[in-house]
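Quick notes on the structure that follows.
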């Protein structure tokens, strides 16, 4: 029983410091900065080879998405720092009919040619994921960013290749906001403690047989747990340094299949965590 009191106390004390993070914002406005708006539009138009203005803008982890159609069929991702294109999606390049002509290996060769043209300061930190997704006659090739085996969520890169006509119909280059040197790898709270904290704070039991794992998200170490809600299960990320909630609902980024980082990490308790554990 001695361990239950500090765990419950940790959940109750830190519940007041919950911060909701959002990595995607719909229908943002750029008219607050005319220079920013003009440069984003110019870069998007030049890439799309059109004089039409984008219909709307979204924000995806710092990248401004300029939409050229009312749905999500045709858009460009612009880096607002240097106004270079960091991604696109053009469903008009997708095959309308036909059979698969390119296998996964051939599709990867197409994707790698584009990958090699991306900024080296980004691609040099990425590792290719051998688990290649296939959907509706297209392949999704993904590269993930790690530090000592720790996944950095949101810093993934993908390239979408049409398996019928060989077109690249979409890609996304990440912006690295946190350097590898500044990414922490040692949590202050153990996996088992954060699992209990998540259950107490959300008043929901953990999903049976789900094994929590640790990732880096928005510059913070986060334990990912899965809880059983009244209607359906959901994910919750608990800050591995102070026990606050980092996110809930869905994981804000791709996670490689069979990723299990957690049992091999060294836990280094901070002073505040030691004080909470030692309190009565």
Bins of 10 Å from zero: percent of alpha-carbon pairs in the chain: 6, 24, 28, 23, 13, 4, 1
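With a ≥ b ≥ c the root eigenvalues of the C-alpha gyration tensor of segment 162-280, is it rounded (a/c under 1.5), prolate (a/b larger than b/c) or oblate?
Oblate, because a/c is 1.5 or more while a/b does not exceed b/c.
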Normalised contact order of the chain, rounded percent, pairs of Cα under 8 Å and 6 or more residues apart: 18 percent
With Cα atoms, 0 to 90° folded angle of helix 191-202 axis to the chain main axis: 80 degrees
5 Å-binned pair-distance histogram of segment 24-180 (Cα, whole percent): 2, 9, 17, 20, 18, 17, 11, 5, 1, 0
Most to least packed among 235-241, 124-130 [average Cβ atoms within 10 Å]: 235-241, 124-130
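Residue separation times 0.36 nm, minus the C-alpha to C-alpha distance between residue 52 and residue 112: what's the value?
So the extension gain works out to 18.5 nm.
Can you give me the relative contact order of segment 24-180 as a percent, contacts being Cα pairs under 8 Å and 6 or more apart? Provide the component values of the computation, followed by the final result.
Working: 286 pairs, mean separation 29.4, N = 157.
Over segment 24-180, the number comes to 19 percent.
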C-alpha long axis of helix 34-48 to longest principal axis of the chain, angle in °: 60 degrees
Degrees separating the helix 104-115 axis from the principal Cα axis of the chain, which is the longest one: 90 degrees
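Readers should treat all values here as calculations from the given coordinates under stated rules, not as data from a laboratory. Keep in mind that this is a model prediction, so the values were computed, not measured. Note: ideal-geometry Cβ built from the backbone for every residue, glycine included; neighbour counts use all protein chains shown.
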